[in-house]
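The values are calculated or read from the model by the stated rules, or taken from the named source; none is laboratory data. The structure displayed is predicted, hence computed values, not measured ones. With ideal geometry, Cβ positions are generated from the backbone for all residues, glycine too; neighbour counts draw on all protein chains shown. For accessibility, only protein heavy atoms count, side chains too; no ligands or nucleic acids. Shrake-Rupley method; radii C 1.70, N 1.55, O 1.52, S 1.80 Å.
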Amino acid sequence: MTITRRTILASTALAATPIVGPALAQTAPSATAPAQGAGSRQAPGFYRYKVGDIEVTAINDGFAQRPLEGFVRNAELPQVQQAMQEAFLPTNALPIAFNTLVLNNGGRLTVIDTGNGDMGAPTSGRWMTNFRAAGFDPAQVNTVVISHFHGDHINGLRLKDGTAVFQNAEVMVPAAEWAFWMDDARMNQAPEGMKGAFQGVRRVFGPIANDVKRYEMDKEVVPGLNAVAAPGHTPGHTVYMLSSGNGKLMIMSDTTNHPALFVRNPDWSAVFDMDADQARATRRRLLDMAASERAQVAFYHAPFPGTGHVAKEGNGFRFVPVQWSPAV
Ligand SMILES: [Zn+2]
């Protein structure tokens, strides 16, 4: 832009406006003035789309910041920082989003994973507000399906004070995940740093242990939703094929953490992957399938709403988010 006397005057006038504005508003409050702080809030974090006849709603549970250092086990920090830079992301910390899904299949509501509840980072814990803003009520949920037992997926089932969040829902979990985490001998042998995860699983599922339904792989969990084994991130980590009519969605759970790192570099291992080699093989297989089938995917930890497509690029892949649509 060429700077002229006129543009300087114009920008000075613009810069002055906000100073005058609030001062006037203070002396003469207007009925149409936005509530204080309204300018710093977003629209509620839900996004709907259709998969055949099934209405899918992505519900955001905020995010958590993770220091970048040490996040990728098998890459040097400068390499990881470069990947972040190429994606125009910060190079000191990774913002990790949490996106659960609600399926509305002819009035039958299924929630897939539940977010952090009131146990997560202060920037998370937005799930219930967004869920209600989307017009849902936890008492209406028929089924809660859990992909794996990490806290950011299960803690939304039960508040810190013990209250069950989905009073009328059947809770369905992967049988292999249950077998691993509910094994007391394994908990006792686990390194000190992992004991908390075992205890967290017991906090959530202990009171309903006899009612939790354990599902097997390659079976229909609820109508239209098929469980597919995706071990590595955790032993029983599960992804899903959702199908209805011609519609198909690959629900990828934690097959990758942030796509800018792990879709782009599928051989990188996130610090949360319990079996790095197995997770890598699973990731390659599923990303390859999504790319060759041009299937729509949903990632739990992609930027909201976390759905799009995967294309092959170089030795890795590229995540292409869907275009926001005003119509469902
Ligand atoms: Zn997760």
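Can you name the residue in the range 159-182 that is charged (D, E, K, R) and open to solvent by 10 Å² or more (accessible area, probe 1.4 Å) and is also nearest to the ligand (Cβ to nearest atom) among such residues? Can you show your working first?
Going residue by residue through the range 159-182, those that are charged (D, E, K, R) are 160-161, 170, 177.
From what's left, open to solvent by 10 Å² or more (accessible area, probe 1.4 Å): 160-161, 170.
Values: 160: 19, 161: 23, 170: 22 Å.
Per the stated criteria, the residue is 160.
Confirm whether residue 326 is more than 22 Å from residue 152 (Cα to Cα) and free of Cβ contacts under 8 Å to residues at least 12 places away in the same chain. Walk me through it before giving the result.
Details: more than 22 Å from residue 152 (Cα to Cα): yes; free of Cβ contacts under 8 Å to residues at least 12 places away in the same chain: yes.
For residue 326, the condition - more than 22 Å from residue 152 (Cα to Cα) and free of Cβ contacts under 8 Å to residues at least 12 places away in the same chain - is met.
Condition check: within 22 Å of residue 156 (Cα to Cα), open to solvent by less than 20 Å² (accessible area, probe 1.4 Å) and within 16 Å of the ligand (Cβ to nearest atom). Does residue 240 satisfy that? Reasoning before the result, please.
Values: within 22 Å of residue 156 (Cα to Cα): yes; open to solvent by less than 20 Å² (accessible area, probe 1.4 Å): yes; within 16 Å of the ligand (Cβ to nearest atom): yes.
Yes; evaluated as a whole, the condition is true for this residue.
Within 25 Å of residue 272 (Cα to Cα), exposed (fewer than 13 other Cβ atoms within 10 Å of the Cβ) and either within 16 Å of the ligand (Cβ to nearest atom) or modelled with pLDDT of 95 or more (or both), is that true of residue 196?
Values: within 25 Å of residue 272 (Cα to Cα): yes; exposed (fewer than 13 other Cβ atoms within 10 Å of the Cβ): yes; either within 16 Å of the ligand (Cβ to nearest atom) or modelled with pLDDT of 95 or more (or both): yes.
Yes, satisfied.
Return yes when residue 56 is over 23 Å from residue 260 (Cα atoms), touching a strand residue (DSSP E or B) at 6+ places or on another chain (Cβ under 8 Å) and more than 16 Å from the ligand (Cβ to nearest atom) and no when it is not. Break it down into steps so the answer makes sense when it comes.
Values: over 23 Å from residue 260 (Cα atoms): yes; touching a strand residue (DSSP E or B) at 6+ places or on another chain (Cβ under 8 Å): yes; more than 16 Å from the ligand (Cβ to nearest atom): yes.
The answer is yes for residue 56.
Check every one of the strands (runs of 3 or more DSSP E) wholly within the range 245-328 and list those with 2 or more residues that are more than 16 Å from the ligand (Cβ to nearest atom) and surrounded by 15 or more Cβ atoms within 10 Å (Cβ to Cβ). If you could, list the steps in order and put the result at the bottom.
Details: elements: 247-251, 296-298, 307-313, 316-321.
Those strands (runs of 3 or more DSSP E) span 247-251, 307-313, 316-321.
Can you tell me which of 151, 156, 120, 135 is out of contact with any strand residue (DSSP E or B) (no Cβ under 6 Å at 6 or more places or on another chain), open to solvent by 50 Å² or more (accessible area, probe 1.4 Å) and at pLDDT 95 or above? Before you say what the answer is, go through the steps one by one.
On the way: 151 fails: open to solvent by 50 Å² or more (accessible area, probe 1.4 Å); 156 fails: open to solvent by 50 Å² or more (accessible area, probe 1.4 Å); 120 fails: open to solvent by 50 Å² or more (accessible area, probe 1.4 Å).
Only one candidate passes the filter, namely 135.
When you scan the range 249-261, do you find a residue that is at pLDDT 95 or above, small (Gly, Ala, Ser) and in contact with a helix residue (DSSP H, G or I) (Cβ under 9 Å, 6 or more places away or on another chain), even just one?
Residues of the range 249-261 that are at pLDDT 95 or above, as a first pass: 249-261.
Pick out the ones that are also small (Gly, Ala, Ser) and you get 253, 260.
When the remaining residues are screened for being in contact with a helix residue (DSSP H, G or I) (Cβ under 9 Å, 6 or more places away or on another chain), the result is 253, 260.
Yes, the range 249-261 contains at least one residue that is at pLDDT 95 or above, small (Gly, Ala, Ser) and in contact with a helix residue (DSSP H, G or I) (Cβ under 9 Å, 6 or more places away or on another chain).
Failed condition for residue 95, given (1) crowded, with 16+ Cβ neighbours inside 10 Å; (2) within 16 Å of the ligand (Cβ to nearest atom), with all others met?
In the conditions (1) crowded, with 16+ Cβ neighbours inside 10 Å; (2) within 16 Å of the ligand (Cβ to nearest atom), residue 95 misses (1) alone.
Collect the residues in the range 66-88 that are within 18 Å of residue 266 (Cβ to Cβ) and touching a residue at least 12 places away in the same chain (Cβ under 8 Å), keeping them in residue-number order. Lay out the reasoning, then the answer.
First, the residues of the range 66-88 that are within 18 Å of residue 266 (Cβ to Cβ): 71-76, 79-80, 82-84, 86-87.
Matches in the range 66-88: 71, 72, 73, 74, 75, 80, 83, 84, 86, 87.
Among (1) over 24 Å from residue 62 (Cβ atoms); (2) open to solvent by less than 50 Å² (accessible area, probe 1.4 Å); (3) away from the ligand (no atom under 16 Å from the Cβ), where does residue 231 come up short?
Against the list (1) over 24 Å from residue 62 (Cβ atoms); (2) open to solvent by less than 50 Å² (accessible area, probe 1.4 Å); (3) away from the ligand (no atom under 16 Å from the Cβ), residue 231 comes up short only on (3).
Results for (1) among the basic types (Lys, Arg); (2) modelled with pLDDT under 95; (3) surrounded by 12 or more Cβ atoms within 10 Å (Cβ to Cβ), shown as yes or no for each residue.
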residue: 27; (1), (2), (3): no, yes, no
residue: 30; (1), (2), (3): no, yes, no
residue: 34; (1), (2), (3): no, yes, no
residue: 40; (1), (2), (3): no, yes, no
residue: 48; (1), (2), (3): yes, no, yes
residue: 51; (1), (2), (3): no, no, yes
residue: 57; (1), (2), (3): no, no, yes
residue: 60; (1), (2), (3): no, no, yes
residue: 67; (1), (2), (3): no, no, no
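Looking only at the range 92-123, which residues are within 11 Å of the chain's Cα centre (by Cα) and polar (S, T, N, Q)? First the steps, then the outcome.
Just the residues of the range 92-123 that are within 11 Å of the chain's Cα centre (by Cα), to begin with: 96-101, 112-116.
Of everything in the range 92-123, those that are within 11 Å of the chain's Cα centre (by Cα) and polar (S, T, N, Q) turn out to be 99, 100, 114, 116.
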